[in-house]
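Read the figures in this text as sums done on the coordinates, not as results from a lab. Keep in mind that this is a model prediction, so the values were computed, not measured. Cβ sites come from the backbone with ideal geometry, for glycine too, and all protein chains shown count toward neighbours.
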Amino acid sequence: MNSSGCAVSLISQRDVDNFSQNVASLYHSWHPESAFLPFHLEMKMFLLPTTICFVAAILVTPLILFSIFSNFSLRKETRFLLLGNALVSDLIYLFLYTISTICNMINIHIPKHVCALLLFLLAATYGGGVLTAGGMVVDTYLAILWPLHYLILVPPSRTKKMIVLLWFSSYLFAGILFLGLYFTQEPIPCQYDLCSLPVILIMTLHGDQTIRLFHILFIVCFLLFFSMILCCYIFLCYKTRESGLWKGVSSRASVTFLMHHVILGFYFCPLLLLLAESLLYMNHVIGLKIGILITLTICNVLIVLPKGISPYLYGLRYREIYKSLRLFCKFKWHSFVTLATDRLGGNTK
């Protein structure tokens with residue numbers, strides 16, 4: 001199969017008509033991923049926000065995890081175990097996505113099976129974070145509405161089993177998705193070597209009707225799940241408004257619910273935008289260039305942004321974690337000052 005067949009298989013007939021000069025230049029290329037060479041500069045620019053979010057998360061997340069699991073009282077509470085699980089899944093997602101993005105930017109070839117495994121892990125870790133967010137709202141719901149039965153309903157041993165079930169469910173969901181795509185996809189005239197999530201999301205919109213249906217259903221399922229979480233938080237606000245927790249805008253309950261709504265909005269809006277972009281692209285309202293730019297913005301900015309800022313929001317919000325981080329920083333600073341004093345004292349002798 002020549003390169004023109006690869007280009008036409010990737011770009012729909014609508015795009016061939018609209019970008020005839022672009023496609024004509026692709027006919028002289030030798031690699032199928034060259035269909036995205038006009039957007040290579042934009043893809044490099046979108047590497048920066050992904051890297052910043054990963055660096056921001058890796059600076060704080062290990063400290064929060066250490067403060068949770070090194071403290072006996074904290075690691076016995078369900079909310080902190082769920083928080084630790086959410087931070088772990090977000091950090092793994094950021095690590096995998098940043099590595100794949102860097103490999104694409106410096107033209108490192110990722111084998112097909114490694115790329116499939118990478119995409120599977122990205123889907124599983126993203127699903128794990130979403131399910132953990134659902135577990136956190138259930139835990140808050142039980143703690144507020146059934147405080148006397150909370151420890152009976154959610155003991156630490158049951159929390160650990162629930163976390164295992166969350167990870168099992170996320171891997172099961174990702175496995176069903178990949179198996180469905182594997183058995184429903186049709187043979188393509190050429191193989192693509194570019195292992196990029198934004199590019200693959202666009203490529204699925206060029207597939208057959210079944211693959212596009214899987215693409216839309218995948219987004220809709222997450223949107224419905226986030227909508228259920230939002231409804232639970234609204235119901236909790238309604239139930240607790242007369243309990244004395246809402247004493248003002250700056251009360252702890254107001255700040256807590258505001259933080260959860262902000263993070264939930266960061267999760268909800270990218271998926272809603274991705275759904276709108278997919279529908280507009282399939283209905284020939286927007287072209288390939290706009291579709292790629294929107295998908296890059298969603299994957300490299302909007303999806304990774306809450307995973308980068310959530311450790312700071314949670315670390316500053318929970319007093320137990322904040323105190324533990326302050327004690328840890330004071331201990332490190334005291335150790336550094338003591339070591340420096342000893343060395344200076346030793347040098348003056």
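Values computed for the structure shown
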item	result
Dipole moment magnitude, nearest 20 debye, the stretch 85-193 about Cα centre, only Lys, Arg, Asp, Glu C-beta charged	340
Ordering of 293-302, 64-73, 261-270, 80-89 by burial proxy (mean other Cβ atoms within 10 Å per residue, highest first)	80-89, 293-302, 261-270, 64-73
Relative frequency of Cα-Cα separations exceeding 24 Å in the stretch 108-219, percent	42
Segment T240-M45, length gained on full extension (0.36 nm per residue, minus Cα span)	65.7 nm
Spin-label pair H113/V164, simplified geometry with 7 Å Cα→Cβ offset, distance in nm	3.0
Gain on full stretching of the segment that runs from S157 to I290 - 0.36 nm per residue minus C-alpha separation	43.0 nm
Label point distance in nm, Y312-R326, each placed 7 Å from Cα along Cα→Cβ	1.9
Inter-label distance for C232 and L63, nm, one decimal - labels placed 7 Å from Cα along Cα-to-Cβ	3.0
Linear extension gain, I176 paired with M282, 0.36 nm per residue minus alpha-carbon span	35.8 nm
By average C-beta atoms within 10 angstrom, highest first, the peptides 108-118, 271-281, 162-172	271-281, 162-172, 108-118
